[in-house]
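The values are calculated or read from the model by the stated rules, or taken from the named source; none is laboratory data. Given the structure is predicted, the values throughout are model-derived calculations rather than measurements. When we count neighbours, we look across all protein chains shown, and the Cβ atoms used for this are built from the backbone with ideal geometry, even at glycine.
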Amino acid sequence: MTIENPQPLWQPDPQRIADAQITRFQAWAAEHHGAPADGGYAALHRWSVDELETFWKAVTEWFDVRFTSPYTRVLGDRPMPGAQWFPGATLNYAEHALRAAATRADEPALLHVDETHEPQPVTWAELRRQVGSLAAELRALGVRPGDRVSGYLPNIPQAVVALLATAAVGGVWTSCAPDFGARSVLDRFQQIEPVVLFTVDGYRYGGKEHDRRDVVAELRRELPTLRAVVHIPLLGTDAPEGALEWPALIAGDQEPVFEQVPFDHPLWVLYSSGTTGLPKAIVQSQGGILVEHLKQLGLHCDLGPDDRFFWYTSTGWMMWNFLVSGLLTGTTVVLYDGSPGYPDTGAQWRIAERTGATLYGTSAAYVMACRKAGVHPGRDFDLSKVQCVATTGSPLPPDGFRWLHDEVRDDLWIASVSGGTDVCSCFAGAVPTLPVHIGELQAPSLGTDLQSWDPSGRPLVDEVGELVVTNPMPSMPVYFWNDPEGTRYHDSYFDTYPGVWRHGDWITVTSRGSVVIHGRSDSTLNRQGVRMGSADIYEAVERLPEIKESLVIGIEQPDGGYWMPLFVHLAPGAVLDDALLGRIKQTIREQLSPRHIPDEIIEVPGVPHTLTGKRIEVPVKRLMQGTPLDKAVNPGSIDNLDLLHFYEDLARKRS
């Protein structure tokens, strides 16, 4: 697969390149640490992976990371898994997240927006005061370094305060969104045995109130390790018996006391989607997240004190943790709690306008929904402050790039990024000094030795291969919870290529240095040796106005054959007749490959997703192979279990 040299969709002008923090960093690192002064981003990236220790030392100096105890070296142990970063060092993540309060006390640290779309500011001074008060109360409750503190909370300022107060005392934060049902939350929280639970009585979404008091009562019953439950009355109800009241816990006026913890001390627990078993409880460290997020947000996203950072997310997705880390760069963080499309599809653009967002992040699915709904963001909203629109969650199709360019602004930096919960960061994506090509991520991130490998471990260029990372990154998990021997951790990433992180995505690294993501490698479609990511099929098929959403799987048959069905969820009023069947097949034949025309096209009532919005391909594949539902999927991780019964019935009929 040779990728020709097309014209870029966007190119930063010379002034923008000169002003970018990454440009200033390169000049400074050249002077102080031997980085290449010339050769632009490609040379800087090469140096950052060849001289890994020098690069990360430079990052800590550039961003003035405060080590209260010095480190003995940057990388103690290098082999993966088990790489040891900055041994000997102590620091505190929350202390760095609140540093801007010293110089910008009365400016907004947070802008909270709900479905009324009216921003409510929380100043840096107020955020620091609330964190100081809550941290003191947590200590009074007996929370000690290493204790777990959990939140069943929407994307509201209270969640940020609770995370930072937990980090300040050296506790370990974890959260789930309140649209998760009790079973999903317990599958996560029971693994880590929290001592404190922050809860809401309910939330508002799509113009409706959703009462969650029964779920909270069940969580209290089923989490025996809880010493305290904190009630946040979003819907205005009284605290249940025995619960503490949020306003009382943040009423104090003491300076935060920041526990100085080792670099690899756990900061938070994130969870894999858990579609085929209990979600993996992924533990990332205070120091690892601090330096990775400073690099990613400060250099790659080019964020600083003049910026406003909005990403549509919930507290159940790693993008929320990433969003909160915007505070590390002194940026004002926009928290939106509500439906992405309420009261209309253009809602997120309205929020970007009203908050003055400079970096606006959303999902590829939302961009494509706006395109389909005929939204005109640039015409209908003042988006003059938006410098960058970033997308993640799934690959942004080429049509999505074109639509953003045409409908938002032709001088728009479009950053499609890809990483994962596993590292709470990006392997590849935004670089403010590089051109943007349609359908491509700009480049691998600094310090990330991202490669595409064939099955025998040979690097590929301009060919599809496995996404691997051959050097450790500071935000890689320090361990999984309840995995004392590290076997589950090892098997998740290091089973295929010993000592090399295999992520489970198909990618192409182009000869220009950009990256194309093709979808998950464990659900890749392999017809007669031609491999294709499911994302390629979705992009082509979902251009058809009759197709609301689709799901494709490839199943190796016992007789050596291969069955590839395409499931289609039709738009209202559409009919899967011969004409539409013909157009679907013609679209795939002409745009992708004749080999990837599905063997069957099956109308379905909907496409199942994980709770974080990803289509679940592998569990549906397992159902179709005859695996019982309870073995094929963890029911608590799915947005609509009834849908899976439909696929289960379908599999039964076929067999």
Residue, modelled with the lowest pLDDT, within region 499-517, restricted to residues that are surrounded by 22 or more Cβ atoms within 10 Å (Cβ to Cβ) and over 12 Å from Glu463 (Cα atoms):
Asp505
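Here's the yes/no breakdown for (1) touching a Pro at 6+ places or on another chain (Cβ under 7 Å); (2) aromatic (Phe, Trp, Tyr); (3) at pLDDT below 95:
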| residue | (1), (2), (3) |
| --- | --- |
| Val172 | yes, no, no |
| Ala177 | yes, no, yes |
| Leu223 | yes, no, no |
| Ile232 | no, no, no |
| Gln260 | no, no, no |
| Trp268 | no, yes, no |
Tell me the helices (runs of 4 or more DSSP H) entirely within region 335-403 that contain at least 3 residues that are of a type outside the set (S, T, N, Q), at pLDDT below 95 and more than 18 Å from Trp10 (Cα to Cα).
364-373
From the option list Pro598, Pro619, Pro565, single residue qualifying as modelled with pLDDT of 85 or more, touching a strand residue (DSSP E or B) at 6+ places or on another chain (Cβ under 9 Å) and within 29 Å of Thr362 (Cα to Cα) is Pro619
Selection within region 55-66 - free of Cβ contacts under 8 Å to residues at least 40 places away in the same chain and outside any helix (DSSP H, G or I)
Asp64, Arg66
If we keep just the residues of region 108-144 that are part of a loop (DSSP other than H, G, I, E, B) and farther than 22 Å from Asp306 by Cα, which is modelled with the lowest pLDDT?
Thr116
Could you please tell me which pairs satisfy a Cβ distance under 6 Å, a separation of 6+ or placement on different chains, a first residue in region 592-606 that is closer than 23 Å to Val530 by Cα and touching a residue at least 40 places away in the same chain (Cβ under 8 Å), and a second residue that is surrounded by 15 or more Cβ atoms within 10 Å (Cβ to Cβ) and of a type in the set (Val, Ile, Thr)?
His596/Ile588
Only residues that are within 21 Å of the chain's Cα centre (by Cα), assigned to a strand (DSSP E or B) and at pLDDT below 95: list them for region 430-468, please.
Glu466
Expected single match for within 20 Å of Glu539 (Cβ to Cβ), touching a strand residue (DSSP E or B) at 6+ places or on another chain (Cβ under 7 Å) and crowded, with 20+ Cβ neighbours inside 10 Å among Val375, Val389 is Val389
Being part of a helix (DSSP H, G or I) and under 15 Å from Val324 (Cβ atoms) is the requirement here; does Gln158 meet it?
yes
Which residue out of Leu297, Leu303, Leu270 is in contact with a helix residue (DSSP H, G or I) (Cβ under 8 Å, 6 or more places away or on another chain), assigned by TED's automatic domain parsing to the domain that holds Leu359, of a type in the set (A, V, I, L, M, F, W, C) and under 25 Å from Ile192 (Cβ atoms)?
Leu270
Kindly check whether there is at least one residue in region 474-493 that is in a strand (DSSP E or B) and either touching a Phe, Trp or Tyr at 6+ places or on another chain (Cβ under 6 Å) or farther than 21 Å from Glu590 by Cβ (or both).
yes
Can you tell me which condition Glu556 does not meet? The list is (1) touching a helix residue (DSSP H, G or I) at 6+ places or on another chain (Cβ under 7 Å); (2) farther than 27 Å from Thr391 by Cβ, and all the others hold.
(1)
Determine which member of the set Glu53, Glu107, Glu61 is acidic (Asp, Glu) and in contact with a helix residue (DSSP H, G or I) (Cβ under 7 Å, 6 or more places away or on another chain).
Glu107
Residue satisfying all of: in region 165-204; more than 21 Å from the chain's Cα centre (by Cα), assigned to a strand (DSSP E or B) and not hydrophobic (A, V, I, L, M, F, W, C); farthest from Leu641 (Cα to Cα) among these:
Thr199
With the first residue restricted to region 287-299 and required to be touching a residue at least 40 places away in the same chain (Cβ under 8 Å) and under 14 Å from Asp64 (Cα atoms), and the second required to be among the charged types (D, E, K, R) and surrounded by fewer than 24 Cβ atoms within 10 Å (Cβ to Cβ), Cβ contacts under 9 Å at 6 or more apart or on different chains are Gly287/Asp264
Going residue by residue through region 18-32, is there one that turns out to be of a type outside the set (Lys, Arg), in contact with a strand residue (DSSP E or B) (Cβ under 7 Å, 6 or more places away or on another chain) and surrounded by fewer than 18 Cβ atoms within 10 Å (Cβ to Cβ)?
no
